[in-house]
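K.L.:
I have a structure here, written as structure tokens, and I will follow up with some questions on it.
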């Protein structure tokens, strides 16, 4: 599998962990040896692994956790960083996300996640990659 | 000047171009030889340079362009990519941004910008770097 295909596969695994409320899988997806940053929609930036994992634990174990599906993921390698831009379809709204990954112990690991609102409706989102769709 | 200090300097220049409505400076700050992505708060992802520059032209020449100040910028180098997380103070609200830079022709150039809402108020934002402040 190419590095870029692996990157998109791991990005799918991130949303699968979210969708299936799998706290352990979520924890395993985040890098351990470099600083990590997570910006949930409408939150402040969190910049410690402990705080980020506590936030995911809270989100994934909440009965109000939203359904989520990743759409239109566009992944590319820039230097040694995997940069993914994608849409997150959550019930009746669409968020847009930046996910950054590095290689750690032979696998892509998340070092940065930011999600925020977009002006798209669920019906407007397709599986075409973000860049391809807009170019 | 270290690469990281240069990175934060260029990130300041980005917000200075925004604050002074300097379309030419904004255009010069974005990379020309690699794909670029821009996600304004509440918009969809834009992934062509032409579309991104048209959006900045619209924003910077609008009489309603908000005042903006960058606070708490945290910059680091990851695999040849400059990753900056910072707050954007805009009138009475605070956004949080991810800005990615690469070296192009001897200078840091923007390849990715995402800004979205945060739950901070202007009074809660300081000049301490995001990570330092939260760790």
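K.L.:
Given an 8 Å cut-off on Cα distances and at least 6 residues of separation, report the relative contact order of chain B as a percent.
P.N.:
This gives 25 percent for chain B.
K.L.:
Hey, another quick one. Let me see the pair-distance distribution of region B:13-57: every alpha carbon pair, 10 Å bin width, integer percents in order.
P.N.:
28, 57, 15
K.L.:
Now for a separate question. Ordered shortest first, which distances in nm separate the 7 Å Cα→C-beta label point of residue A:77 from those of the other copies?
P.N.:
Result, one decimal in nm: 2.1.
K.L.:
Describe numerically, in nm with one decimal, the distance between label points set 7 Å from Cα along Cα→Cβ at residue B:3 and at residue B:119.
P.N.:
A separation of 3.6 nm, rounded to one decimal place.
K.L.:
With N denoting the number of residues in region A:3-124, provide Rg(C-alpha) divided by 2.2 N^0.38 Å, to two decimal places.
P.N.:
It is 0.99.
K.L.:
Specify, for chain A, the residue whose C-beta is closest to the rotation axis mapping it onto chain B, with the distance given in whole Å.
P.N.:
That would be A:116, 1.
K.L.:
Could you pull the copy-to-copy label distances for residue B:4, with points set 7 Å along Cα to Cβ, in nm to one decimal and sorted shortest first?
P.N.:
Inter-copy label distances (nm, one decimal, shortest first): 3.2.
K.L.:
Something else: How far apart, in nanometres, would the label points at residue B:68 and residue A:12 be if each is projected 7 angstrom from Cα along the Cα-to-Cβ direction?
P.N.:
Calculated label separation equals 3.6 nm.
K.L.:
Simple spin-label model, 7 Å along Cα-to-Cβ: residue A:28 to residue B:19 in nm?
P.N.:
Simple spin-label model gives 4.7 nm for this pair.
K.L.:
Give me Rg over Rh for the protein assembly as shown, both radii from the alpha carbons and Rh done the Kirkwood way, two decimal places.
P.N.:
We get a ratio of 0.93 for the protein assembly as shown.
K.L.:
Hey, for residue B:35 with labels 7 Å out along Cα-Cβ, what do the inter-copy distances come to in nm, ordered shortest first?
P.N.:
Label-point separations across copies, in nm and ascending: 2.9.
K.L.:
Here is a further query. What average number of partner chain Cβ atoms lie no more than 10 Å from the Cβ of the residues making up A:98-107?
P.N.:
2
K.L.:
A follow-up question, please. Give me the mean projected area, in nm² to one decimal, of the convex hull enclosing the Cα positions of region B:58-105.
P.N.:
So the Cα hull casts an average projection of 4.6 nm².
K.L.:
How well do other chains shield peptide B:114-127, expressed as the mean number of their Cβ atoms within 10 Å of each residue Cβ?
P.N.:
3
K.L.:
For region A:61-135, what number results from the quotient of the Cα radius of gyration and 2.2 N^0.38 Å?
P.N.:
After normalising by residue count via 2.2 N^0.38 Å, the value is 1.20.
K.L.:
Still on this structure, I have one more. Taking the DSSP beta bridges in chain A as the whole, what percent of them are antiparallel, to the nearest 5?
P.N.:
Once the DSSP bridges in chain A are tallied, antiparallel ones form about 90 percent.
Read-outs throughout are calculated quantities, based only on the coordinates presented, and are distinct from any laboratory measurement. On a predicted model such as this, the values are computed, not experimentally measured, just so you know. FYI the Cβ positions are ideal-geometry reconstructions off the backbone, even for glycines, and counts take in every protein chain you see.
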